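Worksheet: the structure to be examined is printed underneath.
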Amino acid sequence: MMGHSHALSGVVGWMAVVPLLQGTEFFGVGFDLGSGEIIAGGLVCAGAALLPDIDHKSATVTNTYGVVTRTLGALFNWLFGGHRNGTHSLLFALLMGALTQALALWSDLAVQIFVFLLIGIAFNGLGFGMDKNKTAAEVINALVTAGITLALFTNDVNYTWMGLAVAFGCLLHFIGDMVTEMGVPLLWPFWKYRFGQNMGFKTDSKIERKVVTPLLTIGIILYSVYLFPWPELIPES
Ligand SMILES: [Zn+2]
C-alpha cells in the first residue's frame with residue numbers, strides 16, 4: 001500500500017472503533033471520546049499506521065523529520081532485522097502501544113510533543129508533503145500540524161487512549177500490507193512466516209488508486225457525518 005492509503009486506513013479505522021470503545025473500560029481506563037478525541041485519535045492512528053515502515057529508507061515516515069527520522073529509521077532497521085521484519089510484527093505494535101501509553105501517563109507535555117510529531121507524519125502521508133515545492137509543503141505541514149495540536153490542547157483533549165490508538169494504527173498497517181502482495185511476519189521473532197505473501201492487489205495499482213483510496217475517503221466522510229454532533233458544532237446565528 002502507498003503511504004496515503006495507510007494513513008487513510010488509520011483515520012477510518014479509528015473512527016470505526018470509536019462507537020465500540022465509547023463508554024467501555026480497558027485495563028482500568030474508561031473511554032469517553034468527544035469530537036476532540038475522535039479527531040486526535042484519527043490523526044494519531046494515521047501517523048501510527050505509517051510507523052512500521054520506519055525500517056525503510058524511502059518511506060514517508062523515515063523522511064518526515066529529516067536526519068532525525070532517518071537516524072531512527074537506521075536504528076529500527078538494525079534492531080528489527082531489516083525491512084518488513086520486526087517492525088511488521090505484533091510484538092512491535094505491542095511495544096509501540098506500551099511505550100506511548102507510558103508516555104501519556106508520565107507527562108502531559110511529552111504526549112503533546114509526540115502527538116505533534118505523529119500528526120506531522122500523518123499529514124505527510126496523507127499528501128500534504130506535495131513533491132513539487134518541498135519547502136513550501138513542509139512549512140504548510142508544520143503550520144497546520146502546530147495549529148491542530150494547539151487546538152486539541154486548548155480543547156482539553158485527554159489522551160488515555162493513546163497507546164491503544166498507536167498499537168491499532170500499527171495493526172492497520174499490517175492489514176494494509178497483507179491485502180497488497182506483501183507478506184507480514186506477524187509472529188516475528190518466534191515464527192518468521194509471512195502472512196498474506198503474494199496475495200491481494202499490487203501497490204499503487206489501479207485497484208488501489210481507483211477503488212481502495214476512494215473507498216477509504218468515502219469511509220471517512222460517512223463516519224464524520226455519523227460521529228460528530230453537527231448541530232452543536234454549527235454556531236447559531
Ligand atoms: Zn509496511
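The values are calculated or read from the model by the stated rules, or taken from the named source; none is laboratory data. Keep in mind the model is a prediction, meaning the values are calculated, not measured. All Cβ positions, glycine included, derive from the backbone under ideal geometry; neighbour counts span all protein chains shown. Just so you know, the surface numbers come from the protein's heavy atoms only, side chains and all, with ligands and any DNA or RNA stripped out. Shrake-Rupley method; radii C 1.70, N 1.55, O 1.52, S 1.80 Å.
Across bins of 5 angstrom width beginning at 0, how are the C-alpha pair distances of the chain distributed, in whole percent?
1, 7, 13, 18, 21, 17, 13, 7, 2, 1, 0, 0, 0
So which chymotrypsin sites (Phe, Trp or Tyr not before Pro) in region 69-131 end up in coil per DSSP with only 12 or fewer other C-beta atoms within 10 Å?
none
Could you work out the per residue convex hull volume over the alpha carbons of region 82-181, in cubic angstrom?
Dividing the Cα hull volume of region 82-181 by its residues yields 123 Å³.
Spelling out what I want: for every residue of region 10-27, take phi, set θ = phi - 60°, compute 6.51 cos²θ - 1.76 cosθ + 1.60 (Karplus), and round to whole Hz; glycine and proline get x.
So the Karplus estimates, Gly and Pro as x, are x, 5, 4, x, 4, 4, 6, 8, 3, x, 6, 7, 3, x, 8, 10, 9, 6 Hz.
Could you tell me what percent of the accessible area of the chain is made up of carbon and sulfur, with a 1.4 Å probe and every protein chain present?
Carbon and sulfur atoms account for 69 percent of the accessible area of the chain.
Leaving out ligands and nucleic acids, and using a 1.4 Å probe, what accessible area per residue does region 113-237 come to in Å²?
60
Once phi is turned into ³J(HN,Hα) by the Karplus curve 6.51 cos²θ - 1.76 cosθ + 1.60 with θ = phi - 60°, what whole-Hz value does each residue of region 211-224 show in order, with x for glycine and proline?
Running phi through 6.51 cos²θ - 1.76 cosθ + 1.60 with θ = phi - 60° gives 10, 5, 4, x, 5, 4, 5, 4, x, 4, 5, 4, 5, 5 Hz.
Can you show me the helix-derived [θ] at 222 nm for the chain, built from DSSP H runs with n ≥ 4 at -39,500 (n - 2.57) apiece and divided by the number of residues, rounded to the nearest 500.
Helix-only estimate at 222 nm: -19500 deg cm²/dmol.
In region 187-222, which trypsin sites (Lys or Arg not before Pro) are in a loop and have at most 14 other Cβ atoms within 10 Å, using DSSP for the loop call?
Lys192, Lys202
Find, among the chymotrypsin sites (Phe, Trp or Tyr not before Pro) in region 185-237, those assigned to loop by DSSP (not H, G, I, E, B) with at most 13 other beta-carbon atoms within 10 angstrom.
In loop regions of region 185-237 (DSSP not H, G, I, E or B), the sparsely surrounded chymotrypsin sites (Phe, Trp or Tyr not before Pro) are Phe190, Trp191, Tyr193.
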